[in-house]
Amino acid sequence: MPNAYKITQKDERCFSLDIIHPEGKHFTLEELGKHVGGYIEVVPTLDERLKDYMVFVDEDAKLKENPLVNQYMLSNFNMELVGTVLIIPRAGEGE
């Protein structure tokens, strides 16, 4: 299975990119929510580089105090997303 990534904006210029793993075979909704810090929202993307992945964010991130635009997603995928972003591989056939 390809890696899953958690991109967290630390401040206006600094972010962390971590490889994350599910507790079981696949991520649960609860695990995804814990990683983003709230209720998850699936972000649609047409970027060919992300065709085998799903992108998740906290659906209320823009409403939280001092929301930060995720600079990694903006500079690499031209996606203006706020808060922590998860890039999770799509489950393959028969998984």
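The values are calculated or read from the model by the stated rules, or taken from the named source; none is laboratory data. Because the structure is predicted, anything quoted here is derived from the model rather than measured. Glycine gets a Cβ as well: all are built from the backbone with ideal geometry, and neighbour counts include every protein chain shown.
Worth a mention:
- Subset tally (residues that are assigned to a loop (DSSP other than H, G, I, E, B) and touching a His at 6+ places or on another chain (Cβ under 7 Å)) for the range 1-14: 0
- Among residues of the range 15-26, those that are surrounded by 10 or more Cβ atoms within 10 Å (Cβ to Cβ) and either out of contact with any helix residue (DSSP H, G or I) (no Cβ under 8 Å at 6 or more places or on another chain) or in a helix (DSSP H, G or I) (or both), counted: 4
- Only one of the numbered conditions (1) assigned to a loop (DSSP other than H, G, I, E, B); (2) out of contact with any Lys or Arg (no Cβ under 9 Å at 6 or more places or on another chain) is not met by Gly38, and that is (2).
- Residue check for Glu80: exposed (fewer than 11 other Cβ atoms within 10 Å of the Cβ), acidic (Asp, Glu) and closer than 16 Å to Ala4 by Cβ: no
- Given (1) hydrophobic (A, V, I, L, M, F, W, C); (2) under 9 Å from the mean Cα position of the chain (by Cα); (3) assigned to a helix (DSSP H, G or I), number of the condition Leu74 does not satisfy: (2)
- Residues that are of a type in the set (Gly, Ala, Ser), modelled with pLDDT of 95 or more and more than 18 Å from Ala61 (Cβ to Cβ), drawn from the range 1-47: Ala4
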